[in-house]
Protein chains: 2
Amino acid sequence: MQTIEQLRGLFEEYLEANAFTQQPKELYAPMAYVMGMGGKRLRPVFALMGAQLFSSRLHAALPVAMAVEVFHNFSLVHDDIMDEAPLRRGKATVHHKYGLNAGILSGDAMLIYAYEFIRQAENQPAIPRLLHVFNRVAIEVCEGQQYDMNFEQRQDVRIEDYLLMIELKTAALIGGSLVLGALSVGAPEQDIEKLMAFGRNIGVAFQLQDDILDTFGDPRKFGKKVGGDIAQNKKTFLILKALELAQGETRDKLAGYMSTNPEDEAQKIREVTAILRQLHIPEWAEKMKEQFQETALAALAGIAVPEERKAPLREMSLRLMQRES
Amino acid sequence: MQTIEQLRGLFEEYLEANAFTQQPKELYAPMAYVMGMGGKRLRPVFALMGAQLFSSRLHAALPVAMAVEVFHNFSLVHDDIMDEAPLRRGKATVHHKYGLNAGILSGDAMLIYAYEFIRQAENQPAIPRLLHVFNRVAIEVCEGQQYDMNFEQRQDVRIEDYLLMIELKTAALIGGSLVLGALSVGAPEQDIEKLMAFGRNIGVAFQLQDDILDTFGDPRKFGKKVGGDIAQNKKTFLILKALELAQGETRDKLAGYMSTNPEDEAQKIREVTAILRQLHIPEWAEKMKEQFQETALAALAGIAVPEERKAPLREMSLRLMQRES
């Protein structure tokens, strides 16, 4: 069995051997830049973990691991344009460094290369099935991004709308990564649905932890500005639950803050955070997160492989839920 | 045998049955809008003609015909953003009608749906091969678009650079359409390369005709503003050949006009067009176009199917070369 760190190392080697060095450089250099920014390589590691549940022939899952990482980076590049984000992981975003056109076109090319890595899967008879899973997930990510943008304008978002949105935008690709890895090594069909359920529920829990950190994280450990979601009026679970629980003046104040962009942003973040604490929102969010985590682990328990093969997935789930950045 | 018009009708029916009516509407409405703008449906008709060379089971090629049309429309939506074009076929472009973010995201979703139609090909064992051809062509289109943008900034573009660029940006997808259609009905491997060569050469000839019409077309018949390429300093074959032939003051004047944006655009178009006429560029361009057409027809001649099956392709080639819009 390979540990999470060993799996990440295996992927980084493959990534290096498949670097985007082609011509014209104006197209490929932005692709190499964003792929080289690093990050946790969460999705390819999930793909390799999905394979390792069923087989030790992990090299067979490297192309799909690459596909999900290239796809994820495509979505970051285009999302950063849509969100007008100047920075990612402390570095200039692609469109800020290379311009809007390079951001659009190199993103497009990455999306195509994601499919090219799907095609390179060793398990050729599985390709139609891999393509089906990948297409479904990729469309869900686009739909989730659209709902996310819609919700910024809407004042009637419900908690269930939000949970569906993050399932589409974030969790579907995590479930897809696991499933693509598993299918690459010929996992039996009856386990695929359970693996997808595990991944989607862990993915939602992962995003809820992101939301918690965005507001309540330790500024010294969290990579981004704490309070960013509040400043941007993002209707995360934290805000939606607070709007459900708050009453009278508190509710009016919260709703007012979350639909405007006051000049004193620091004050807004401070006051909204205080209201969230007062309503015990961190505890509500923890509880919601644990529910998804439990549903995930129940799905994992139903997969018919020896328990020790599941150890890295359990370990990864714990780490994701307890992380501070 | 189905005529070109019958093939187009067959495709339009399939298109209507597969309209983008899903949710969220903010994502799918722009997709339906651009797909409904019409146009010649050249690429799907080529896909069906590619199938008809080898089989009369044309329905088997409808999914790939849809894939190439959806892909083509994705590329139009993103190219219009990059070219800052407000209009296409006399209507507002997607990003002008729906905004930049809708243009980016609905383009992305169309690219993914193109792959979903590839996956829906009836000939399931052919899917890895279809995917390989489609990926190659899709990457070439992106590379071609990048070279096209690079060339706007460069003063040292050679005719061979230009011909490679239009092969990537335009002709590869025409060749790909024919090949995908043929592979959908199980065409023999030895004919595939010849079919690709036919399509690529016809595609280059098609683009050369486009270039001729852009400068020398009849303003009453041509859909766009005549002289647009000159105004935008596009280094088409016409300009590159003229720069090769011109001497002394004429060359300086031409080079000067094609690297600046003078206030009196109409005068620039008039004077550059006069220089091109004086250098017999229309005749040079016709000759170049015919060379590609002949190479295409020679490749078609080598395909081992009865001559009457090739009739629609010959007819289409003639029409494309003689068209006035």
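Its relative contact order, with pairs defined as Cα atoms under 8 Å and 6+ residues apart, puts segment A:1-155 at 22 percent. The GluC sites (Glu not before Pro) of segment B:67-136 that meet both conditions, a loop assignment by DSSP and at most 12 other Cβ atoms within 10 Å of the site Cβ, are B:E84. Taking 0.36 nm per residue of sequence separation and removing the Cα-Cα distance, the B:E122/B:A301 pair yields an extension gain of 61.6 nm.
If I take R0 = 51 Å and measure r between the Cβ atoms of A:Q291 and B:S259 in this structure, what FRET efficiency does the formula 1/(1 + (r/R0)^6) give, to the nearest 0.05? After rounding, the FRET efficiency stands at 0.20.
Hydrodynamic estimate: the Kirkwood radius of chain A over Cα pairs, inserted into Stokes-Einstein at 20 °C and 1.002 mPa s, corresponds to D of 104 µm²/s.
Segment B:286-325: which GluC sites (Glu not before Pro) are DSSP loop and have at most 11 other beta-carbon atoms within 10 angstrom? Numbers along the way, then the final one.
Numbers: sites: B:E286, B:E290, B:E294, B:E307, B:E308, B:E315, B:E324; in loops: B:E324.
Counting only loop positions with at most 11 other Cβ atoms within 10 Å, the GluC sites (Glu not before Pro) in segment B:286-325 are B:E324.
Shortest first, B:R319 label-point distances to identical copies amount to 6.0 nm, with the label point at 7 Å from Cα along Cα→Cβ. The residues of segment A:42-186 present an accessible area of 29 Å² per residue when probed at 1.4 Å with all protein chains retained. Of the complete DSSP H runs in chain B, those spanning 27 angstrom or more by Cα along the long axis with a mean Kyte-Doolittle score not below 0.5 are B:62-82, B:100-119. Sorted from shortest to longest, the distances between the A:E193 label points of this copy and the other copies are 4.7 nm, with each point 7 Å from Cα along the line through the beta carbon.
Over the Cα atoms of segment B:122-231, compute the convex hull volume and normalise it per residue, giving Å³.
Details: hull volume 13.0 nm³, N = 110.
Residue-normalised Cα hull volume stands at 118 Å³.
Look at where the Cα atoms of segment A:109-171 and of segment A:230-279 average out, and the two centres are 30 Å apart. The alpha carbons of segment A:105-167 occupy a box of 47, 27, 10 Å along the principal axes, longest dimension given first. Restricting segment A:61-112 to trypsin sites (Lys or Arg not before Pro) that sit in a DSSP loop and have at most 13 other Cβ atoms within 10 Å of their own Cβ leaves A:R89. For the protein assembly as shown, the Cα-based Rg and Dmax, in that order, read 27.1, 83 Å. Semi-axes of the equivalent ellipsoid for segment A:1-119, computed as √(5λ) from the eigenvalues of its C-alpha gyration tensor and ordered from largest down, come to 27, 14, 12 Å. Comparing the full protein assembly with the isolated chain (1.4 Å probe, heavy atoms, ligands and nucleic acids excluded), the residues of segment A:91-129 losing at least 40 square angstrom of accessible area are A:N101, A:I104, A:L105, A:D108, A:L111, A:I112, A:Y115, A:R119, A:P128.
Average 1/r across all pairs of distinct alpha carbons in segment A:18-62, invert it, and you get the Kirkwood radius: 12.3 Å. Summing +1 for each Lys or Arg and -1 for each Asp or Glu among the other residues whose beta-carbon sits under 14 angstrom from that of A:P306 gives 0. Between copies, the label points at A:Q291 (set 7 angstrom from Cα along Cα-to-Cβ) are spaced 7.1 nm, reported in nanometres from shortest to longest.
Multiplying the residue separation of A:D161 and A:E193 by 0.36 nm and removing their Cα-Cα distance gives an extension gain of 9.2 nm.
How high is the relative contact order of chain A? Use alpha-carbon pairs under 8 Å, at least six apart in sequence, and give a whole percent.
Computed over chain A, the figure is 19 percent.
In segment B:56-89, which residues have a backbone nitrogen under 14 Å from the label point lying 7 Å from B:R309's Cα in the Cα-to-Cβ direction? Residues passing the 14 Å test: B:56-58. Quick note on segment A:140-299: its Rg to Rh ratio, both from C-alpha atoms and Rh being the Kirkwood radius, is 1.03. Considering only A:L27, A:S56, A:L42, the residue lying farthest towards the positive end of the dipole of segment A:10-96 is A:S56, judged by Cα position with unit charges set on Cβ.
In the complete set of protein chains, residue-level accessible area for B:R154 is approximately 80 Å², probe 1.4 angstrom.
Using a simple spin-label model with pseudo-atoms 7 Å out from Cα toward Cβ, A:L100 and B:E84 lie 0.8 nm apart.
Within the same chain, aspartates and glutamates fewer than 8 places from A:K310 are excluded, and of the rest, those with a Cα less than 20 Å from its Cα are A:E5, A:E189, A:D191, A:E193, A:E290, A:E294.
Only lysines eight or more places from A:K225 in sequence, or on another chain, were considered; those with a Cα closer than 24 Å are A:K40, A:K91, A:K97, A:K169, A:K234, A:K235, A:K241, A:K253, A:K268, A:K289.
Total buried accessible area between A and B, probe 1.4 Å, nearest 100: 3600 Å².
Relative protection proxy for B:15-28, B:48-61, from highest mean packing down: B:48-61, B:15-28 (other beta-carbon atoms within 10 angstrom).
The values are calculated or read from the model by the stated rules, or taken from the named source; none is laboratory data. As the structure is a computational prediction, the values presented were derived from the model and not from experiment. We place every Cβ from the backbone using ideal geometry, glycine too, and count neighbours over all the protein chains shown. Surface areas here come from the heavy atoms of the whole protein model, side chains and all, with no ligands, DNA or RNA. Shrake-Rupley method; radii C 1.70, N 1.55, O 1.52, S 1.80 Å.
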